[in-house]
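The numbers here are math on the coordinates, done by the rules we state, and not lab data. Remember, predicted model here, so these are calculated numbers, not experimental data. Note that we place each Cβ from the backbone using ideal geometry, even for glycine, and neighbour counts take in every protein chain shown.
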């Protein structure tokens, strides 16, 4: 998360939390420069990793731009101004890493619908540039959290675009040690439900790993799912085991360990984790994640005409009949348009993904393939391209 700043940028030298305020519009480019420098140092192929090659390579791939942009007077953005701020910061990050993820919003639940509506209506271009919208659920009860997720999906479809994914970047329950088992139940069920939610959820992150656990009167001290010495509470073990089981990283017999943590109450959740009982999706108004895009022309003939939009140029591409399982494309704007700001590609029936000027596809199977490209110039012009070829069997 890239958020907060310094008083000279916010213009607030008086209030104790003046550093939390959004920067003044005249300093948006300063924050964007900071974000670009951060990505260049700590992102993919960043200078930090080159300087310390003996460290495990864990570059930043996702940059959430600000925190709870719609909550608290001293930290909230006007939604229209945030659209301008977001666009500048996103451009600075993608100039360094075109494949970077840049979740929009990090919204608290308070007034999230009206804030989203104003943001997207005030900046229609966001419907093209935003791929993911992040939210903090904090339902405290699973049914409340699921209903919030259902509502949030509907709002994104209504004001944004149905192709946008959801990142739940905060969700949790503040409880004392005596109620940690309840939090374990909550996190295990929510984690298991996300994968089959039908809501287009890409990320689910609990808040938070560790908190001070010292002041009984301060709820912020009691969200941690791990102790100060690094050992996991039951809720931390439940979250870890459930997420690993859902990703196929642990054998099914580990369910007994999770059932012990949840006091023998695994029940239907155990069936969900083993795949023997597919749960009803939380969202029914949108396609399950990933959201497919229909192909208007499934004909594999490489000579078929391209769509009517102005064409992006594929100045490097394989032969129509190629024996190579690795191919390279280079995507360029035609001379009568502005430079390309954003590129996406879709290989066969897979998801749309971001790419830079050069796209490399590896480990292609023999047979027919189709590449679709969509691009947006800095002036908002839409470009597209399509290329069909086949890989011959060796």
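For the ranges 369-376, 107-114, what's the packing order if you count other beta-carbon atoms within 10 Å of each residue, average per peptide, and put the highest first?
On the way: 369-376: 20.9, 107-114: 17.8.
The peptides rank, most packed first, as 369-376, 107-114.
Does region 106-203 come out rounded, prolate or oblate, given a ≥ b ≥ c as the square roots of the eigenvalues of its C-alpha gyration tensor, rounded meaning a/c under 1.5 and, failing that, prolate meaning a/b above b/c?
Numbers: a/c = 2.82, a/b = 2.04, b/c = 1.38.
Because a/c hits 1.5 or more and a/b exceeds b/c, region 106-203 counts as prolate.
Cβ neighbours within 10 Å, averaged per peptide: list 127-138, 221-232 in order, most packed at the top.
Values: 127-138: 21.4, 221-232: 15.7.
My ranking of the peptides, most packed first, is 127-138, 221-232.
With a/c under 1.5 counting as rounded, go ahead and sort region 12-76 into rounded, prolate or oblate using the C-alpha gyration tensor (a ≥ b ≥ c being the square roots of the eigenvalues; past the cut-off, prolate if a/b is larger than b/c, else oblate).
On the way: a/c = 2.76, a/b = 2.39, b/c = 1.16.
It comes out prolate by the Cα gyration axes.
Would you mind getting the Kirkwood hydrodynamic radius of region 326-389 from its Cα pairs, rounded to one decimal in Å? Intermediate values should be presented prior to the final figure.
Working: mean 1/r = 0.0807 Å⁻¹.
That comes to 12.4 Å for region 326-389.
Pairs of Cα atoms under 8 Å, at least six residues apart: use those to get the relative contact order of region 34-173, whole percent. If you can, show how the numbers build up before the last one.
On the way: 209 pairs, mean separation 31.4, N = 140.
Relative CO of region 34-173 lands at 22 percent.
Over all pairs of distinct alpha carbons, what does the Kirkwood formula give as the hydrodynamic radius of region 77-143, in Å? Don't jump to the answer; show the numbers that get you there.
Details: mean 1/r = 0.0778 Å⁻¹.
Every distinct Cα pair counted, the radius reaches 12.9 Å.
Using 7 Å Cα-to-Cβ label points, what is the residue 14/residue 325 separation (nm, one decimal)?
So the label points at residue 14 and residue 325 sit 6.8 nm apart.
Suppose a student asked you for the relative contact order of region 1-77, using Cα pairs under 8 Å spaced at least 6 residues apart; what percent would you report?
Numbers: 85 pairs, mean separation 25.9, N = 77.
Over region 1-77, the number comes to 34 percent.
With the Cα gyration tensor of region 1-123 giving a ≥ b ≥ c as the square roots of its eigenvalues, does the rule (a/c under 1.5 for rounded; else a/b larger than b/c for prolate; else oblate) give rounded, prolate or oblate? Show your work: numbers first, answer last.
Working: a/c = 2.11, a/b = 1.58, b/c = 1.33.
Prolate is the answer for region 1-123, as a/c is 1.5 or above and a/b outweighs b/c.
Please work out how much length the chain gains when fully extended from residue 84 to residue 378, using 0.36 nm per residue of separation minus the C-alpha to C-alpha distance, in nm with one decimal. Working shown, then result.
Details: separation 294, 0.36 × 294 = 105.84 nm, distance 1.42 nm.
That pair, residue 84 and residue 378, stretches by 104.4 nm at full extension.
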